[in-house]
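Colleague: This is the structure I want to talk about, given as structure tokens.
The values are calculated or read from the model by the stated rules, or taken from the named source; none is laboratory data. The shown structure was predicted, so the numbers you read here are calculated from the model rather than taken from an experiment. Backbone-built Cβ (ideal geometry, glycine too); neighbour counts: all protein chains shown. Side chains are part of the model used for accessible areas, which takes the heavy atoms of the whole protein and leaves out ligands, DNA and RNA. Shrake-Rupley method; radii C 1.70, N 1.55, O 1.52, S 1.80 Å.
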Amino acid sequence: MFGAIGGFITFIIIAVIILFILSTCIRIVPQAQALVVERLGAYLVTYSVGIHFLVPFIDRVAKKVNLKEQVEDFPPQPVITKDNVTMQIDTVVFFYITDPKLYAYGVERPLLAIENLTATTLRNIIGDLELDETLTINAKMQESLDIATDPWGIKVTRVELKNIIPPAAIQEAMEKQMKAERERRESILRAEGEKKSMILVAEGNKESAVLNAEAEKEA
């Protein structure tokens with residue numbers, strides 16, 4: 001009797017182990033994700049949406065890849081323009097993964113690589129521009145990053161300059177220029193208002209004189 005019980009317990013343990021192994025071999029890949037699978041340490045296949053099975057102890061998931069468009073906000077980078085103005089530029093990069101295999105094996109720590117590539121590309125482009133031209137670099141940045149990240153299975157769709165921080169002296173000069181421009185516009189508006197007022201007064205006096213003359217003529 002004890003032998004039968006022991007055999008039953010052993011069967012239960014073995015069954016539980018088998019079920020556990022089978023459960024670890026089943027992979028369900030949701031929408032907008034992919035799994036990079038290796039067999040004995042070498043790339044085997046990329047699993048897309050659906051249910052998939054791994055060979056126990058031989059296959060393993062090397063990397064889980066998110067295929068949605070992603071946004072990375074990188075910290076401000078110090079750059080120097082062609083006219084020797086040092087400023088801080090905060091960039092935002094939009095991208096998505098086109099090839100999970102290249103993303104897994106193309107470069108170590110892809111996000112860090114994109115950040116460093118963004119910083120160096122930004123410095124190179126800004127170095128050929130003057131201060132007034134720095135707002136036109138979005139398209140150049142996107143094109144340069146897209147070409148550089150293609151071997152990593154990454155597509156850069158857009159690059160935005162979130163914030164441009166010029167030196168304090170230039171900020172002060174820009175504020176003074178904006179203040180002067182506002183004052184100039186106010187002066188123009190005031191002068192136009194006074195001009196219109198004088199015209200209205202003159203037209204009123206003219207109409208009054210005409211009416212008085214007509215009244216005298218009728219009298």
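Colleague: Report the residue count in the stretch 35-57 for those that are open to solvent by 60 Å² or more (accessible area, probe 1.4 Å) and under 30 Å from the mean Cα position of the chain (by Cα).
Modeller: 2
Colleague: Within the stretch 34-72, which residues are touching a Ser or Thr at 6+ places or on another chain (Cβ under 7 Å) and outside any strand (DSSP E or B)?
Modeller: Answer for the stretch 34-72, where residues must be touching a Ser or Thr at 6+ places or on another chain (Cβ under 7 Å) and outside any strand (DSSP E or B): just Glu69.
Colleague: Residue under question is Val201, and the condition is that it be modelled with pLDDT under 75, of a type in the set (Val, Ile, Thr) and surrounded by 10 or more Cβ atoms within 10 Å (Cβ to Cβ); does it hold?
Modeller: yes
Colleague: Out of everything in the stretch 161-198 that is part of a helix (DSSP H, G or I) and of a type in the set (Val, Ile, Thr), what residue ends up being modelled with the highest pLDDT?
Modeller: Applying the filter and picking the extreme gives Ile188.
Colleague: For residues in the stretch 104-122 being among the β-branched types (Val, Ile, Thr) and either assigned to a loop (DSSP other than H, G, I, E, B) or in contact (Cβ under 8 Å) with a residue 40 or more places away in the chain (or both), which is most open to solvent (accessible area, probe 1.4 Å)?
Modeller: Val107
Colleague: Follow-up question, since we're still on this one. It is to be established whether one or more residues within the stretch 24-33 are assigned to a helix (DSSP H, G or I) and modelled with pLDDT under 85.
Modeller: yes
Colleague: Anything in the stretch 15-34 that is within 15 Å of Arg60 (Cα to Cα) and either within 36 Å of the chain's Cα centre (by Cα) or open to solvent by 60 Å² or more (accessible area, probe 1.4 Å) (or both)? List them, or say none.
Modeller: Leu22, Ser23, Ile26, Arg27, Ile28, Val29, Ala34
Colleague: Is at least one residue of the stretch 89-103 assigned to a helix (DSSP H, G or I), closer than 19 Å to Thr157 by Cβ, in contact with a strand residue (DSSP E or B) (Cβ under 6 Å, 6 or more places away or on another chain) and not β-branched (Val, Ile, Thr)?
Modeller: Yes: one or more hits.
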